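The values are calculated or read from the model by the stated rules, or taken from the named source; none is laboratory data. In this text, all values refer to a predicted model and were calculated from it rather than measured experimentally. Neighbour counts are summed over all protein chains in view; Cβ atoms, including those assigned to glycine, are modelled from backbone coordinates with ideal geometry.
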Amino acid sequence: MNVRSQISMVFHLDKCLGCHTCSIACKNIWTSRKGAEYMWWNNVETKPGCGYPTRWENQEKYGGGWETSNGNLRMKSTGKGRAIFNIFHNPRLPSLDDYYEPWTYDYPELFNAPEGPDQPAARPVSKITGKLIQIQAGPNWDDDLGGSPVYAQNDRNLVGLTDEQRQQLSSIERLVLFYFPRICNHCLNPACVAACPSGALYKRGEDGIVLVDQKRCRAWRFCISACPYKKVFFNWLTYKSEKCILCFPRLETGQAPACFHSCVGRARYLGVLLYDADQIETAAKHRDEELIEAHRSMILDPRDPVVIQAALQNGIHSSVIEAAQKSPVYKFVKEWKLALPPHIEYRTLPMLFYIPPLSPVMAMQGKDKLVENVSVNLFHDIDEARLPMKFLANLFGAGHEGKVRYALRKVKAVRWYRRAVTVGDVDMATAEHMLREADSSPEEAEDIYRLTSLCALEDRVVIPPAHREETIERVEDTAEHQTNHGFGFLTELGRGM
Amino acid sequence: MSNLWSYLDPLLFSVLPYVAFFSFFLLTIQRYRQRGFSYSSYSSQTLENKLHFWSTVPFHYGILVVLTGHVIGFLFPRQLLLFNRIPVRLYILEVSALIFGLLALVGLIAAVSRRIIEPKVRGLTSVPDWILYGMLLVQLASGVNLAVFHSWGISWFAATATPYLRSLLTLHPDISSIAGMPFSVKLHIVNAYLLIGLFPFTRLVHILIVPNPYLWRKPQVVRWYTRPGATKAAGQRFGRGSI
């Protein structure tokens with residue numbers, strides 16, 4: 001057992017309101033600079049929808065992630081041999097057109113235009129060329145357009161849905177959408193890291209954050225195509241790849257990452273998971289339908305004395321183990337099994353988990369009919385939902401509905417239980433029966449309810465101490481670095497030659 | 001005219017190469033140490049993805065083969081001349097050299113055209129880039145010209161240029177073997193020196209960072225800050241990989 005700690009995340013999709021506050025917080029801190037304007041390390045997509053970059057889930061085009069062939073795990077688009085031949089031109093690379101050309105507006109024109117019969121207009125100007133452009137696409141171009149034939153029908157997750165289900169998605173009274181906030185998943189088996197010929201991308205051993213070493217990046221671009229979630233971006237000004245850094249400077253000082261801290265819906269949870277790094281390869285090799293379970297079984301119980309012992313031996317600080325015991329992510333992912341990894345079939349073992357949304361399910365039924373359904377088939381309406389189960393399964397279950405249905409049944413049972421407790425218009429016996437059917441109990445339902453609805457920031461975000469003070473002291477004098485060099489660079493200042 | 005050459009020849013073929021290599025070695029290292037961040041392939045593929053294929057791929061494959069040929073001619077002149085004893089072998093070598101030279105030239109012309117046509121790429125092309133492209137055009141055009149109009153270069157390169165280059169290495173420059181060369185040959189050589197001298201000021205530095213441990217490293221890279229030997233080396237060393 002090779003125990004490592006990983007800062008992991010859960011996004012509760014029922015709580016995401018699609019306000020994009022997270023994206024703005026991130027943009028203001030990290031990517032509001034030349035070369036990075038088009039990057040959205042955090043973005044919120046409408047599902048069904050094309051996403052950002054457009055149709056990023058289309059791995060036939062981008063070749064992201066891993067695949068198994070003859071019992072071996074290999075990257076879909078690159079590898080040691082293929083990187084040599086594709087190093088001059090990466091055939092799977094998305095171009096800026098797949099994102100959008102960043103632009104501003106010709107504001108001076110509003111003041112400088114000569115007098116004339118018309119109001120002057122501030123026309124869009126490309127931030128790359130400085131020339132006037134016709135805007136073809138932009139951030140969140142298909143925001144809130146779930147159901148629209150132009151955008152939503154290009155969603156890759158509609159594969160396997162019947163024509164009837166597809167038509168329902170865009171019909172007036174059944175139209176449905178939910179929000180899908182995305183950041184880097186800080187995977188356990190990151191394809192971006194494995195694809196980098198320069199070894200510039202790496203995973204931090206202590207907390208599992210995946211970073212790009214800016215000085216080592218040589219613009220070979222393989223990380224961009226290899227990441228199946230398209231969360232590595234190319235800075236066209238510095239010619240370096242950049243990605244979400246999980247606000248590690250904030251985490252190291254005990255603050256929640258900006259997107260978590262600013263989340264209006266309080267949909268984001270962050271905490272440490274202990275996992276067995278020896279299992280990474282075997283877990284990623286499982287068949288599609290076994291992947292979620294294999295991924296879950298890598299996550300270790302932080303209260304198990306054997307695990308604690310192994311963790312301490314591996315240099316994990318006791319304060320980190322304590323944080324792991326309080327981790328909200330552990331509860332959602334491992335104990336309650338409510339949170340599921342996105343597109344686990346890409347086999348990067350993402351460490352950002354999603355609680356699938358239930359809202360549209362309940363909204364479809366009238367009250368009377370719902371009660372009737374309960375007496376007939378407790379969970380009937382989950383499968384009758386506006387949002388087809390198959391769609392959620394494509395997104396969160398590698399195409400298999402079992403794990404998604406399990407999570408939704410439990411979420412629904414908790415709702416019924418709380419309805420019985422607080423409003424009392426539904427029968428408590430039925431609610432408890434539903435909980436049992438959903439593999440839960442009133443005690444667990446109370447815990448889920450509390451962490452879902454009554455959670456304060458310190459419940460949602462449990463940050464382990466980074467202990468960077470120990471790190472630096474062990475090898476170098478802290479005073480030596482003081483006032484010596486810029487943020488993120490550890491080279492000594494000197495004459496050079 | 002011949003009088004002019006007698007002054008120019010020593011300057012261009014005995015002095016310039018040392019200046020060029022001095023610049024190449026010292027300034028390249030200096031740039032790596034002071035502005036290592038600027039060592040990059042400067043790929044513009046994200047800005048334009050279609051013409052890119054038809055320019056970089058033929059250019060790089062062409063130039064790689066041609067450059068390898070030059071190096072072989074320099075390192076193994078005797079073996080090369082022996083190999084070329086049988087005319088068919090020489091014909092084959094000459095034709096393939098021409099093909100790959102043309103491939104590189106066509107690729108380069110496509111690359112320059114792409115930079116002119118595509119506004120996004122043009123906007124990000126620096127002055128050193130334009131100078132470099134101009135010099136490369138001269139170099140490839142003169143090279144192809146040699147292959148076409150001064151045939152059997154693969155043999156006469158080994159017999160004339162190699163002794164000259166070796167005399168440079170031993171610090172006893174002997175330019176007798178190339179003093180009588182036609183202008184196009186001299187242009188090719190002088191432009192090569194200029195390219196080498198300007199190397200550290202251009203995007204050519206990406207040639208030096210291609211060899212890397214990717215082929216023999218573990219797929220996953222993990223860096224530890226709390227383990228001995230991490231820290232300063234964290235930027236340079238590969239940590240324990242998991243798989």
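Mind checking which residues of the range B:16-39 are closer than 12 Å to B:Gly197 by Cα and either over 16 Å from the mean Cα position of the chain (by Cα) or not hydrophobic (A, V, I, L, M, F, W, C) (or both)?
Filtering the range B:16-39 down to residues closer than 12 Å to B:Gly197 by Cα leaves B:16-28.
B:Leu16, B:Pro17, B:Tyr18, B:Val19, B:Phe22, B:Ser23, B:Leu26, B:Leu27, B:Thr28, listed by residue number.
So A:Cys19 passes all but one of these: (1) within 11 Å of chain B (Cβ to nearest Cβ); (2) out of contact with any Pro (no Cβ under 9 Å at 6 or more places or on another chain); (3) not polar (S, T, N, Q). Which condition number does it fail?
Only one criterion in (1) within 11 Å of chain B (Cβ to nearest Cβ); (2) out of contact with any Pro (no Cβ under 9 Å at 6 or more places or on another chain); (3) not polar (S, T, N, Q) is unmet by A:Cys19, namely (1).
Among the residues of the range A:253-271, is there at least one that is surrounded by fewer than 20 Cβ atoms within 10 Å (Cβ to Cβ) and in contact with a Gly (Cβ under 9 Å, 6 or more places away or on another chain)?
yes
I'd like the residue in the range A:284-315 that is in a helix (DSSP H, G or I) and among the small types (Gly, Ala, Ser) and, out of all such residues, is nearest to A:Lys334 (Cα to Cα). Before you say what the answer is, go through the steps one by one.
Residues of the range A:284-315 that are in a helix (DSSP H, G or I), as a first pass: A:284, A:288-298, A:305-313.
With among the small types (Gly, Ala, Ser) added as a condition, the list becomes A:284, A:294, A:297, A:310-311.
Numbers: A:Ala284: 18, A:Ala294: 12, A:Ser297: 8, A:Ala310: 19, A:Ala311: 18 Å.
Ranking the candidates gives A:Ser297 first.
Taking the range A:82-106, which residues are part of a loop (DSSP other than H, G, I, E, B) and at the interface with chain B (Cβ under 10 Å from one of its Cβ atoms)?
Here is the first cut: in the range A:82-106, the residues part of a loop (DSSP other than H, G, I, E, B) are A:86-95, A:99-102, A:106.
Within the range A:82-106, A:Asn86, A:Ile87, A:Phe88, A:His89, A:Asn90, A:Pro91, A:Leu93, A:Pro94, A:Ser95, A:Tyr99, A:Glu101 qualify.
Would you please name the residue that is surrounded by the fewest Cβ atoms within 10 Å (Cβ to Cβ), looking only at residues in the range B:203-227 that are of a type in the set (D, E, K, R) and touching a residue at least 24 places away in the same chain (Cβ under 8 Å)?
The initial filter retains those residues of the range B:203-227 that are of a type in the set (D, E, K, R), namely B:203, B:217-218, B:223, B:227.
Filter once more, keeping what is touching a residue at least 24 places away in the same chain (Cβ under 8 Å): B:203, B:217-218.
Details: B:Arg203: 19, B:Arg217: 16, B:Lys218: 14.
So, considering only residues that are of a type in the set (D, E, K, R) and touching a residue at least 24 places away in the same chain (Cβ under 8 Å), the one surrounded by the fewest Cβ atoms within 10 Å (Cβ to Cβ) is B:Lys218.
Those residues that are surrounded by 23 or more Cβ atoms within 10 Å (Cβ to Cβ) and part of a helix (DSSP H, G or I), I need them from the range A:329-343; list them, please.
A:Val329, A:Tyr330, A:Phe332, A:Val333
Taking the range A:98-131 as the search range and keeping residues that are out of contact with any helix residue (DSSP H, G or I) (no Cβ under 7 Å at 6 or more places or on another chain) and touching a residue at least 40 places away in the same chain (Cβ under 8 Å), which one is surrounded by the fewest Cβ atoms within 10 Å (Cβ to Cβ)?
My answer is A:Lys127.
Out of the strands (runs of 3 or more DSSP E) lying entirely within the range A:173-276, which hold 2 or more residues that are without any contact (Cβ under 8 Å) to a residue 40 or more places away in the chain, more than 9 Å from every other protein chain (Cβ to nearest Cβ) and touching a Leu at 6+ places or on another chain (Cβ under 9 Å)? Don't jump to the end; show me each part of the working.
Details: elements: A:178-182, A:201-204, A:210-212, A:232-235, A:240-243, A:268-276.
It comes to A:210-212.
Among the residues in the range B:35-52, are any part of a helix (DSSP H, G or I), at the interface with chain A (Cβ under 7 Å from one of its Cβ atoms), at pLDDT below 95 and closer than 20 Å to A:Cys223 by Cβ? If you could, list the steps in order and put the result at the bottom.
If we filter the range B:35-52 for residues that are part of a helix (DSSP H, G or I), which is where we start, we get B:35-38, B:51-52.
Adding the requirement that they be at the interface with chain A (Cβ under 7 Å from one of its Cβ atoms) leaves B:36-37, B:52.
Remaining after also requiring at pLDDT below 95: B:36-37.
Now restrict to residues that are closer than 20 Å to A:Cys223 by Cβ: B:36-37.
Yes - at least one qualifying residue is present in the range B:35-52.
Given B:Phe13, B:Phe24, B:Phe53, B:Phe76, which one is surrounded by 14 or more Cβ atoms within 10 Å (Cβ to Cβ) and in contact with a helix residue (DSSP H, G or I) (Cβ under 6 Å, 6 or more places away or on another chain)? Even if it seems obvious, please write down each step before you answer.
Working: B:Phe13 fails: in contact with a helix residue (DSSP H, G or I) (Cβ under 6 Å, 6 or more places away or on another chain); B:Phe53 fails: in contact with a helix residue (DSSP H, G or I) (Cβ under 6 Å, 6 or more places away or on another chain); B:Phe76 fails: in contact with a helix residue (DSSP H, G or I) (Cβ under 6 Å, 6 or more places away or on another chain).
Criteria check complete, one pass: B:Phe24.
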